[in-house]
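The values are calculated or read from the model by the stated rules, or taken from the named source; none is laboratory data. From a predicted model like this one, the values you see are computed outputs, not experimental measurements. Cβ: placed from backbone, ideal geometry, glycine included. Neighbour counts: every protein chain shown. Surface accessibility is based on the protein's heavy atoms, side chains included, excluding ligands, DNA and RNA. Shrake-Rupley method; radii C 1.70, N 1.55, O 1.52, S 1.80 Å.
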Amino acid sequence: MSSSKESPLPTPSPAPRRKIAAVKKPLTVEDESTLFCIIRNGKSSVQKTVDEWIEQYKADRDSGLRAIMQFFISASGCKGKITSQMQSSMEYAAIIRHMTEEFDEESDEYPIIMSGPQWKKFRSKFCDFVQTLVKQCQYSIIYDQYLMDNVISLLTSLSDSQVRAFRHTATLAAMKFMTALVEVALTVSIHLDNTSRQYEVELQKIHTRTRAGHLKEMLQERQEFDENLHAVKSILTYLFKSVFVDRYRDIVPEIRAICMGEIVFWIKRFPKHFLDDSHLLKYIKWDLNCKVGDVRSKCLQALQPLYVSEELKGKLEFFTSKFKDCVVSMTLDKEYDVAVQAVRLISSIHKYHREILSDKDCEAVYELVFSSHRAVAQAAGEFLNERLFTLDDTSPPALRTHRGKKRLPNTPLIRDLVQFFIESELPEHGAYLVDSLIDSNEMMKDWECMTDLLMEDPGPGEESLDDEQETSLIELMICCIEQAATGKSPCGRAPTRKITTAKETKQAQDDRVRLTEHFIQTIPLLLGKYIKDPEKVANLLWIPQFFNLEIYTTSRQEERFESLLGLMQNVVETYTETEVLEICAITLEVLCDEDHAIYSRCDVISTLMNRLFNKLREVLDSHVALINSDKKPDEEEVFALVSSSKKVDIFFSCCNLGPWTWKMWDPLYNAVQESIDLNLMPPEAIIHCISACYSVILWELRQLKNGSGRGTSAGQQQKQLRDHLNDYISLMTLLIIASDDHLVREEAFMSACEFLSDFSEKLASDNPLLRPLVYQPDGDLQQILKEFGDNAARIPAITLGNPNNPTGPHNLAFLGGVPKLRKRNAKRETPKMRNSCAKRTQKLGPCFTF
């Protein structure tokens, strides 16, 4: 948010740039030898240009001065020329009035604000030229009381002009002059201090070895440095009072920003001079309330270096006590750059003056680690590191685990991080907390420390982690692993740069190798310890997805790989929770990728699917037998059927099961078909079988598109798939009409709509060879779906579109036979499941896109 206070009105003296009536003048050929043309065209380096000008000035100082004056006039966009007669006979005010009449313009642009690469470079070189000029002249010319007096007089007059181009250009030049003179003052001050010390030392030796003449020379040298320093300070004071004091409140925000931007450097480099003025801070605090974000940002930057000096602490007490609350509130500024600088200022204040900030002030910054803006969140993360996550001399000595292993240094910090995460009461936002800290705190990649806290029993004097702390630590560890391995920020918090650098890519690769080497050893142990806790198991099963799988073979860890697969098989056979099964299915597919050398040991999926399908057939046969004998299945038998069909459904939706795709179509399809007449299965099992059948169709489509069939021709695959399409849509239509259960009807309706979308004309547009698979619904089917859709307001998971009223009620409008609706599996796209959904989309291609 912006400051709540009303910004004071800018100084009214310089009116907005007035347009000068265009004056028709004869075309003139531009002199390419002028300083302006040389700097603009960039054909010569700034250093060489300055050296050549110095030679010109030494040969004829009037000519040299006129060249500098013309440079500033031309840099303002004015076409007028300063003649030698004007230079010798006219005051600067008169020259500027004459130059104002020489403007030949049709727009409000001038060189330092013009767009395009050439003019951006010109602005940079303009500033470099001014500062290089002062630097090269610091030992002689700037003290001749001619050049600086005239240049400063010109810039002062230009900066007070009502013509914005003159005012803006002259202010920029004057501020850069001051910045360069600050460096000169520092250099002279150092020479003066050194000479004074040497003089004092030699003075003590006067009766022994020092000659009186040598001492006199040193005294003269010291006096010269003192006079030069006084001269530079005088120029700085004059420019400050004549230009800065007027322009820091200029009506043009860009001019105000220039002033605030340069004062940062002056205060940081030469605080003794600028903080001697007790009223200096009033200029900064005035612009803290500016309505322009860039000006507020520059003010905050100007304050940051002040708080790093213990010497300035006393001078800042009044300012801090009065404006601390304002700065804290600016951490929520609507301009993100301002918020970043406010947080950094708070960090500077806390780092060197901890007693100034209250707990309430700090808590206001804590919350920003969850900000959607990455720069703000990372700035808050740096503050959090300084406040909570830094080891110091007062930290207690490292403890030991129950079996005597010494705890790592980051152990107390990770404990504090877990507690902070719990107290934030934002359990779904761990990835955002991690992203705020991962680049600034090494504990975020201390895998050994994290796993020791989870695996090692506490030793003497150490508290064990409770269940909530263990869950939170695992959640944070997974987020750290994901970001370290991929180098990507969480959803909604993309970095400012969209292109990943080679250094960032290399860092992610190295991090992936290190975490793989560590978790190859520990993931089986972690899964073994928490095998009975579904939430912890679901999170831990994410980890192998980020492995560099080649390390299993290069480091000869095949036995650990087999141990991990065995544990995952146990998880599938034991658990019925959807999230656990989905993550396990996708992780198994990642581990058993045939592109990796370790694939030869991946027979677990075949074994697992054989068990799942046999189990499903077994419970189906049991149900048929019970129904034929007029017996009702008990709860245990119903649960077995639902869980078996659910596992098959999940694995079909998440994994490419190859030959199992064709084996399971008939059992799944027949089970749904028979359930209509025989009431064979409970509704939950029917829904899972419907979903699994549709996944079979999608995998068949993918295999046909990729030419990866089971040894059959493309024509045979196409015919079989077309038969399955006809059977499937007929079955869904029958379920919509005849099923007694509303959940089954809704699932059939959703599946039919997805089917018509996926096998619409867009399928052939992607691949003309698939045109025989395009399905055109007949009138009866459209009428059935429309009647059901008109009464579908009670179905929360779908949105039916109407081209005439896109936001209206649930009206199913076929556009070329394609219904528009949200995917039913969109409800699964929680933050934890985004990778599984992305994996599914990548595997199934256009089948899962709208």
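Of the residues Val252, Val513, ranked by 1.4 Å probe accessible area with the largest first, the sequence reads Val513, Val252. Sequentially through segment 225-240, phi angles give Karplus couplings (6.51, -1.76, 1.60; θ = phi - 60°) of 4, 5, 5, 5, 5, 5, 5, 5, 4, 5, 5, 4, 5, 5, 4, 4 Hz, Gly and Pro residues having no value and appearing as x. Residue farthest toward the positive end of the dipole of segment 246-393, with Cβ of Lys/Arg at +1 and Asp/Glu at -1: which of Thr390, Leu316, Phe370? My answer, from the dipole projection, is Leu316. Normalised by residue count, segment 303-372 yields a Cα convex hull volume of 78 Å³ per residue. Taking a Cβ cut-off of under 10 Å around Arg403, the surrounding Lys, Arg, Asp and Glu residues balance to a net charge of 0, with basic ones at +1 and acidic ones at -1.
Ranking Thr83, Thr500 by solvent-accessible area of protein heavy atoms (1.4 Å probe, all protein chains present), from largest to smallest, gives Thr500, Thr83. Using a probe of 1.4 Å, the accessible surface attributed to Ile422 totals some 30 Å² when neighbouring protein chains are kept in position. Counting only protein heavy atoms and using a 1.4 Å probe, the accessible area of Arg354 comes to about 120 Å². Charge tally for Ile73 (other residues, Cβ to Cβ under 11 Å; Lys, Arg +1; Asp, Glu -1): +2. At an R0 of 25 angstrom, the distance between the Cβ atoms of Lys532 and Arg400 translates into a FRET efficiency of 0.35. All Cα-Cα separations within segment 36-127 were binned at 5 Å from zero, giving a P(r) of 3, 12, 21, 22, 19, 15, 7, 1, each value a whole percent of the pairs. Just so you know, the Rg over Rh for segment 478-604 is 0.99, from Cα atoms, with Rh as the Kirkwood radius. Comparing Gly293, Ser358, Met330 along the charge dipole axis of segment 238-358, the residue lying farthest to the positive side is Ser358, per the Cβ-charge model.
Taken about its Cα centre, segment 311-426 carries a charge dipole of about 660 debye when Lys and Arg each add +1 at the Cβ and Asp and Glu each add -1 at the Cβ.
Across the protein chains, with a 1.4 Å probe defining accessible surface, the residues His742, His353, His402, His273 rank His402, His742, His273, His353 from largest area downward. In segment 268-348, Cα pairs under 8 Å separated by at least six residues give a relative contact order of 30 percent.
Placing unit charges on the Cβ atoms of the charged side chains and taking the dipole of segment 413-470 about its Cα centre, the candidate lying farthest along the positive direction among Phe420, Leu433, Pro458 is Leu433. Of the solvent-accessible surface of segment 23-168, computed with a 1.4 Å probe and all protein chains present, 48% belongs to carbon and sulfur. Thr733 exposes around 30 Å² of accessible area when a 1.4 Å probe is run over every protein chain in place. Segment 315-350 and segment 610-633 have Cα centres lying 69 Å from one another.
The alpha carbons of segment 246-375 give a radius of gyration and a Dmax of 14.2, 42 Å, in that order.
Evaluating 6.51 cos²θ - 1.76 cosθ + 1.60 at θ = phi - 60° for every residue in segment 642-656, the Karplus couplings come out as 5, 5, 5, 5, 5, 5, 4, 4, 5, 5, 5, 6, 10, 10, 8 Hz, glycine and proline recorded as x.
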